[in-house]
Amino acid sequence: MMKMHPRRGLVAALIPPVLCAVAVLASLVHCASPRRIQDYGYINPKASPIILGPQGQLSPATSRAIMARLNGQVEPTDFLQRQVLLMEAMSGKPLVTGNKATLLIDGPATYLAMLEAIQAARSTIHFESYIFEDDVVGRRFAEALLAKQAEGVQVELIYDSVGCLSTPAAFFQKLRDGGVQVREFNPVNPARRGWKWRLDQRDHRKLLVVDGAVAFTGGVNISNLYSSIIYRRKVKHGRSETQQHAWRDTDVQIEGPVVAEFQKLFQETWATVGGPVSREDALPSLKPAGADLMQVLGSTPGRDNRFTYMMYVSAFAYAKASIHLTTPYFVPDAQMLDALRHAAERGLDVTIILPGTSDSALLSSAGRASYTFLMKSGVKLYERRHDSMLHAKTAVIDHVWSTVGSSNMDPLSFLNNDEVNAVILSPDFADKMEAMFQEDLNQSTQIQIETWNKRPIKEWVKEWFATRVSGWL
């Protein structure tokens with residue numbers, strides 16, 4: 001159970017059952033089905049996507065040459081053209097060339113890279129995290145932020161009210177006292193939000209931008225949970241308790257012109273939480289850092305298009321060779337199930353790695369309700385063994401298209417949360433993603449349909465119930 005600090009607000013402290021009820025009602029009111037791919041009309045695969053470089057938009061001929069070079073590095077396919085053009089038409093977010101993406105596997109590697117970037121900061125640090133705990137890891141980051149603020153670096157931090165329910169208010173007050181600009185996203189106490197209050201809308205992004213020149217995003221929160229060195233969590237399996245390793249997660253470090261897109265996302269959220277105007281140097285002129293072609297997709301409730309949802313569905317629909325997906329919370333809707341089924345029936349290698357141990361029993365049961373349908377279609381399902389809690393949110397498709405981000409594959413993430421995903425078009429980066437995926441496969445067990453269909457009746461009942469309430473979780 002999470003401890004609730006008394007300074008979180010009278011409503012949050014005294015009547016959590018009422019808040020839960022309100023959250024359910026809010027979900028019923030605000031959740032809507034995402035639009036279908038067909039709603040966007042015909043996508044001409046021969047059209048030229050808009051690609052930005054350090055000096056602005058590239059010519060159509062240069063853009064076509066870049067896409068042709070990418071297509072030439074993998075098996076012939078129009079997957080890239082179709083998916084890129086659709087997402088560009090929906091989101092208005094172009095591709096950006098000249099970037100370098102570095103894969104960061106698990107918390108320790110991610111924290112090391114993030115802290116190195118923070119310590120090297122000279123002008124601005126913009127930090128956005130769903131969870132920021134008052135523990136060994138959290139205090140290490142807090143000390144680093146305070147030190148840079150003392151040096152004159154402008155430090156701005158956004159934390160989510162629900163994600164940080166267990167973090168004492170004094171922890172964030174210490175940061176404020178040290179000059180850090182701290183803002184709470186969508187406070188749990190409705191008195192602090194008025195008519196705009198929605199408990200079900202959360203800032204689930206994990207985003208760090210330093211000097212406007214380097215960005216980090218993925219699934220890693222700021223918590224001891226992600227440190228395999230200093231943390232072991234007790235998880236019950238039946239009547240026994242075992243020691244479980246830290247959470248398995250993935251982040252990506254990004255340098256190059258596309259970092260400006262992450263910076264803009266942060267500034268949009270910063271404005272909604274009442275943050276002061278950032279320095280003019282927060283959006284510096286960025287030089288090429290590599291050869292990776294990238295797109296940044298952020299989603300916010302209330303907009304017509306759920307970009308991260310459509311990113312996945314369109315990628316599944318247009319894929320030609322393989323879909324390798326890793327996700328901790330998997331509650332696909334009918335459109336997503338159809339896209340995965342059709343991909344498998346077209347002969348693609350569709351493989352999904354899911355957690356064997358979950359911190360949300362209901363979401364796990366809701367996802368398992370679709371296992372039989374998927375396996376009958378030819379989708380291969382694996383569950384990570386109980387040595388860790390799988391929390392990575394990644395995909396690699398056709399050995400060229402990859403995504404790393406904060407989006408889970410469930411209704412709450414797709415419809416109600418602020419999320420962000422980095423899309424990387426690069427065979428070299430995809431190779432690294434495939435190697436990571438294979439290592440996760442080695443630590444997982446494939447689910448066989450014959451055995452699965454013989455599971456106890458109580459599991460079927462749990463799955464049936466979970467599917468009825470999954471939109472509220």
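Brief remarks follow.
- Any hit, the stretch 132-139, residues being surrounded by fewer than 18 Cβ atoms within 10 Å (Cβ to Cβ), modelled with pLDDT of 75 or more, of a type in the set (A, V, I, L, M) and more than 30 Å from Pro276 (Cβ to Cβ): yes
- Candidates in the stretch 139-185 are the residues that are touching a strand residue (DSSP E or B) at 6+ places or on another chain (Cβ under 7 Å) and part of a loop (DSSP other than H, G, I, E, B); of these, the one that is nearest to Val210 (Cα to Cα) is Val153.
- Strands (runs of 3 or more DSSP E) enclosed by the stretch 354-473 - at least 1 residues per element that are farther than 30 Å from Lys264 by Cβ: 380-384, 444-446
- First in the stretch 334-346 and touching a residue at least 12 places away in the same chain (Cβ under 8 Å) and aliphatic (A, V, I, L, M), second anywhere and surrounded by fewer than 18 Cβ atoms within 10 Å (Cβ to Cβ) and in a helix (DSSP H, G or I), Cβ under 6 Å, 6 or more apart: Ala344/Ser377
- Scanning the stretch 206-233 for residues being modelled with pLDDT of 50 or more and in a strand (DSSP E or B) gives a total of 11.
- Total residues in the stretch 318-336, condition over 23 Å from Ala366 (Cβ atoms) and either under 14 Å from the mean Cα position of the chain (by Cα) or at pLDDT 90 or above (or both): 4
- Residues in the stretch 92-112 that are within 11 Å of Val252 (Cα to Cα) and either without any contact (Cβ under 8 Å) to a residue 40 or more places away in the chain or out of contact with any Leu (no Cβ under 6 Å at 6 or more places or on another chain) (or both): Lys100, Ala101, Thr102, Leu103, Leu104, Ile105, Asp106, Ala109.
- Taking the conditions (1) of a type outside the set (A, V, I, L, M); (2) on the phi < 0 side of the Ramachandran plot; (3) touching a helix residue (DSSP H, G or I) at 6+ places or on another chain (Cβ under 9 Å) in turn, Gly378 satisfies each one other than (2).
- The set of residues in the stretch 86-126 that are among the hydrophobic types (A, V, I, L, M, F, W, C), under 16 Å from Leu297 (Cα atoms) and surrounded by 21 or more Cβ atoms within 10 Å (Cβ to Cβ) comprises Leu86, Met87, Leu95, Val96, Ala101.
- In the stretch 72-106, residue modelled with the lowest pLDDT [restricted to those that are in contact with a Lys or Arg (Cβ under 6 Å, 6 or more places away or on another chain) and of a type outside the set (A, V, I, L, M)]: Thr77
- Members of the stretch 314-328 that are surrounded by fewer than 24 Cβ atoms within 10 Å (Cβ to Cβ) and not in a strand (DSSP E or B): Ser314, Ala317, Lys320, Ala321
- Residues (farther than 27 Å from Glu255 by Cα and among the aliphatic types (A, V, I, L, M)) located in the stretch 283-339: Val313, Ala317, Ala319, Ala321, Val331, Ala334, Met336, Leu337, Ala339
- Filtering Ala392, Ala435, Ala466 for residues that are under 21 Å from the mean Cα position of the chain (by Cα) and either touching a residue at least 60 places away in the same chain (Cβ under 8 Å) or under 22 Å from Ser314 (Cα atoms) (or both) leaves a single hit, Ala392.
- Those residues of the stretch 365-379 which are surrounded by fewer than 19 Cβ atoms within 10 Å (Cβ to Cβ) and of a type outside the set (Gly, Ala, Ser), in sequence order: Thr372, Phe373, Lys376
- Condition check for Val423: in contact with a strand residue (DSSP E or B) (Cβ under 9 Å, 6 or more places away or on another chain), modelled with pLDDT under 95 and β-branched (Val, Ile, Thr): no
The values are calculated or read from the model by the stated rules, or taken from the named source; none is laboratory data. Note that this is a predicted model, so its numbers are computed, not measured. Heads up, the Cβs are rebuilt from the backbone with ideal geometry, glycines too, and the neighbour counts pull from every protein chain shown.
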